[in-house]
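So the structure is just underneath, and the comments pick up after that.
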Amino acid sequence: MDAEPVESGQSPSRRRRAQRATSEELVTAAIRVIGREGVAAATTRKIAEEAGVPQGTVHYWFTDKNELLQDVVLAIVERLRKSVAAGDRLDGVVTPDDLRAGLRAAWAEVSGDDPGTQLGYYELTALALRNPSMRELARRQYRSYRDLAAHTLAPLLVDVEPGRAAALAQLVAVTFDGLALAWLADPEGTRPEQVLDLLADAVLQAKEAGRGVAAQADAGA
């Protein structure tokens, strides 16, 4: 049974809202299935059943499963962005304690997520890397992680040379990514607080070094 198109009598704005709601429901259902059973088991049939709609609905809104998975990745990144923004303390003058608290708050959001869903994120990445037609999905996923880290750290690194600031943002992104995987594999043997304290030290040291370089440049001008 195919999905029924939105009624032609609806206004364009109502049709857009209906389309967005339907696709978001399917993405949410896909995340639940992936978290519970893994990416390989997340067939369009199971996703449709989870969403409580006919299987044809998935193919009505998405060209194929890969296109749906792209929206799943975007939803994951957006969820992370919102959680970081909600606990963002990196505005204005930031003390070392503020930075550590901010990193720990971000980690609390990551570690508080369902472990199955977290594992599904890594499965999505591995699937994309093994499939040439999906490689852009993996690149987009990790580019989004770096951009999110760069945006979050930007107020703190105004005195840091741009290339170094970008490297620090990448350091934060890959540290969280690796820490999450280590925590999934060995939660009792992983020490997130200690790792995040070292990460905060690295960021703060780079900030102070950047200030020193800027001061020398101003003195020599």
Next on the checklist: Please count how many residues of segment 24-50 are hydrophobic (A, V, I, L, M, F, W, C) and open to solvent by 30 Å² or more (accessible area, probe 1.4 Å).
Outcome noted: 1
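Return yes or no: is D159 open to solvent by 30 Å² or more (accessible area, probe 1.4 Å) and part of a loop (DSSP other than H, G, I, E, B)? Don't jump to the end; show me each part of the working.
On the way: open to solvent by 30 Å² or more (accessible area, probe 1.4 Å): yes; part of a loop (DSSP other than H, G, I, E, B): yes.
Spelling it out, D159 is indeed open to solvent by 30 Å² or more (accessible area, probe 1.4 Å) and part of a loop (DSSP other than H, G, I, E, B).
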Next on the checklist: Test of understanding: among T125, T175, which residue is among the β-branched types (V, I, T), assigned to a helix (DSSP H, G or I), open to solvent by less than 40 Å² (accessible area, probe 1.4 Å) and over 26 Å from R36 (Cβ atoms)?
Outcome noted: T175
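The values are calculated or read from the model by the stated rules, or taken from the named source; none is laboratory data. Predicted model, so just to flag it, every value in this text is computed and none were measured. Cβ: placed from backbone, ideal geometry, glycine included. Neighbour counts: every protein chain shown. Remember, those area values only see protein heavy atoms, side chains included, never the ligands or the DNA or RNA. Shrake-Rupley method; radii C 1.70, N 1.55, O 1.52, S 1.80 Å.
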